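Each remark here refers to the structure printed beneath this line.
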Amino acid sequence: MDNHNHPQKKEVINRMSRIIGHAESIKSMCVEGRECSEILIQISAVKAALNNVGKIILQDHINHCIVEAIENKDEKALENLNEAINKFVK
């Protein structure tokens, strides 16, 4: 989202801040020697949160960048989108 003005930018930044805080708390849980099952549950929550942020970014990308790329007949943008989707859904 570098140099892009996407409508969801603030939401993405806020969600990422929460995810970073959550990841730090998982690290603390490891340091404290908390139960493995508790840690795994929290890791699962962070993974789900990251996936949700990815979906928001993908939607913004399609609705703004790709629409603009199609209008400008920019086939490289579509290739980049396909590559990003392939990596995102792994």
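Answer with yes or no whether residue 37 is hydroxyl-bearing (Ser, Thr, Tyr), in a helix (DSSP H, G or I) and touching a residue at least 12 places away in the same chain (Cβ under 8 Å). Don't jump to the end; show me each part of the working.
Values: hydroxyl-bearing (Ser, Thr, Tyr): yes; in a helix (DSSP H, G or I): yes; touching a residue at least 12 places away in the same chain (Cβ under 8 Å): no.
In short, no.
Whether any residue in the range 52-62 is more than 17 Å from the chain's Cα centre (by Cα), at pLDDT 90 or above, part of a helix (DSSP H, G or I) and not polar (S, T, N, Q) is what I want to check.
No, that holds for no residue.
Identify all residues within the range 10-34 that are among the basic types (Lys, Arg) and free of Cβ contacts under 8 Å to residues at least 12 places away in the same chain; write none if there are none.
Hits for the range 10-34 are 10, 27, 34.
Looking only at the range 1-51, count how many residues are at pLDDT below 95, in contact with a helix residue (DSSP H, G or I) (Cβ under 8 Å, 6 or more places away or on another chain) and among the polar types (S, T, N, Q).
So the answer is 1.
From (1) exposed (fewer than 13 other Cβ atoms within 10 Å of the Cβ); (2) not in a loop (DSSP other than H, G, I, E, B), pick out the condition that doesn't hold for residue 90.
Of (1) exposed (fewer than 13 other Cβ atoms within 10 Å of the Cβ); (2) not in a loop (DSSP other than H, G, I, E, B), only one is false for residue 90: (2).
The values are calculated or read from the model by the stated rules, or taken from the named source; none is laboratory data. This structure is a prediction, so every number in the text was calculated from the model and none was measured. Note that each Cβ is placed from the backbone with ideal geometry, even for glycine, and that neighbours are counted across all protein chains shown.
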